[in-house]
Amino acid sequence: MKDCNLDDACASYISYGIQHNSHLRSLNLSHNIIKDLGAIELMTALHQTSKGKSKLQDLNLSFNKIGEKGGESVARMIWMNKSLLRLNLTFNLLSEANGNSIIAMLARNSVIQ
């Protein structure tokens, strides 16, 4: 799903799929136009499925437009994550504060590599 002009509305549909698909292992959503709302939807889906339904291990969200609110949601998801092993957020609009929060949550998470 790389470079498909996916936006926040598309991310909402994808979030539903993440919650109801126990076979999906890798998802590349890079080079799209996903912003904060889409990131929040995706992170909420990952958080809700952290109880064992989702087997998603690799999520690429690089080269999107995720900003401050989306970054906060990413940090919360990382803290609760039980399945995701790799997360790529390069080339987004995250702030330094977001980066610090994400780093702090990564230190508490023993799953993400």
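What residue, among those in the stretch 15-33 that are hydrophobic (A, V, I, L, M, F, W, C) and either farther than 12 Å from Leu59 by Cα or in a helix (DSSP H, G or I) (or both), is modelled with the lowest pLDDT?
Ile18
Give the residue that is farthest from the chain's Cα centre (by Cα), with candidates limited to residues of the stretch 55-76 that are among the polar types (S, T, N, Q) and under 15 Å from Ile112 (Cα atoms).
Gln57
Return a yes/no flag: does the stretch 42-50 have any residue that is over 13 Å from the mean Cα position of the chain (by Cα), at pLDDT 95 or above and in a helix (DSSP H, G or I).
No, every residue in the stretch 42-50 fails to be over 13 Å from the mean Cα position of the chain (by Cα), at pLDDT 95 or above and in a helix (DSSP H, G or I).
Looking at the stretch 60-73, which of its residues are crowded, with 17+ Cβ neighbours inside 10 Å and either modelled with pLDDT under 95 or of a type in the set (Asp, Glu) (or both)?
Glu72, the sole residue that qualifies.
Taking the stretch 70-112, which residues are of a type in the set (D, E, K, R) and closer than 21 Å to Ile18 by Cα?
Scanning the stretch 70-112 gives Glu72, Arg76, Lys82, Arg86.
Taking Ser83 as the residue in question, decide whether it is touching a residue at least 40 places away in the same chain (Cβ under 8 Å) and either of a type outside the set (A, V, I, L, M, F, W, C) or not in a helix (DSSP H, G or I) (or both).
So Ser83 fails the test.
Which condition number in (1) under 13 Å from the mean Cα position of the chain (by Cα); (2) at pLDDT below 95 is the one that Asp36 fails?
Status for Asp36: all satisfied but (2).
The values are calculated or read from the model by the stated rules, or taken from the named source; none is laboratory data. In this text, all values refer to a predicted model and were calculated from it rather than measured experimentally. Backbone-built Cβ (ideal geometry, glycine too); neighbour counts: all protein chains shown.
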